[in-house]
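FYI, it's all coordinate maths here, none of it is from the lab. From a predicted model like this one, the values you see are computed outputs, not experimental measurements. FYI the Cβ positions are ideal-geometry reconstructions off the backbone, even for glycines, and counts take in every protein chain you see.
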Amino acid sequence: MATDNRPLSPHLQVYRPQLTSVLSISHRISGIVLSAGSAIVVVWLLALAAGPETYGGLLEWLGHPVGLIFLAIWSFSLFYHLFNGIRHLLWDAGWLLDLRGAYASGWTVVALSLLVTAAIWGGLL
């Protein structure tokens with residue numbers, strides 16, 4: 001059997017990232033961030049059940065700039081995952097499958113995620 005020094009399938013270095021591939025990877029990453037955020041929600045509920053001192057300590061930690069950055073990223077991930085999931089449901093229904101529709105819906109997901117996250121953190125919603 002002859003062996004070649006070439007990859008068996010197209011390698012990541014061959015292709016430049018496209019919007020659809022970046023959004024797909026981002027969807028998976030946002031799911032991981034949501035899982036980590038779910039652990040924080042459980043800790044929040046446990047602190048709430050433990051009493052005012054424990055709950056106050058957790059609120060201090062979440063009010064720290066690092067905690068606020070995590071909460072902002074978590075909320076963006078929530079909205080991104082939601083809107084991208086709706087986009088995938090539209091694809092499952094056979095809509096927006098052409099290249100133009102895929103790109104338009106992809107940019108719409110990104111824009112809506114940013115807008116809703118900014119509105120939540122800006123106190124507009």
Problem set entry | Within a Gaussian network of the chain (alpha carbon springs, distance under 10 Å), most fluctuating of Thr20, Thr108, Thr54 | Thr54
Problem set entry | GNM top mover of Ser26, Ser38, Ser75 - the chain, alpha-carbon springs below 10 Å | Ser38
Exercise. Please state the relative contact order of the chain as a whole percent: Cα pairs under 8 Å, 6+ residues apart?
Worked result: 28 percent
For this session: Show that you can apply the helix-only estimate: for the chain, add -39,500 (n - 2.57) for every DSSP H stretch of four or more residues, divide by all residues, and state [θ] at 222 nm to the nearest 500.
Result: -27000 deg cm²/dmol
Problem set entry | Charge context of Thr20, other residues only, Cβ under 14 angstrom, K/R +1, D/E -1 | +3
For this session: Choose one answer from Ala49, Ala36, Ala72: the residue with the largest mean-square fluctuation in a GNM of the chain with alpha-carbon springs under 10 Å.
Result: Ala49
Problem set entry | Calculated FRET efficiency for the pair Leu89/Ile25, C-beta based, R₀ 30 Å, to 0.05 | 0.95
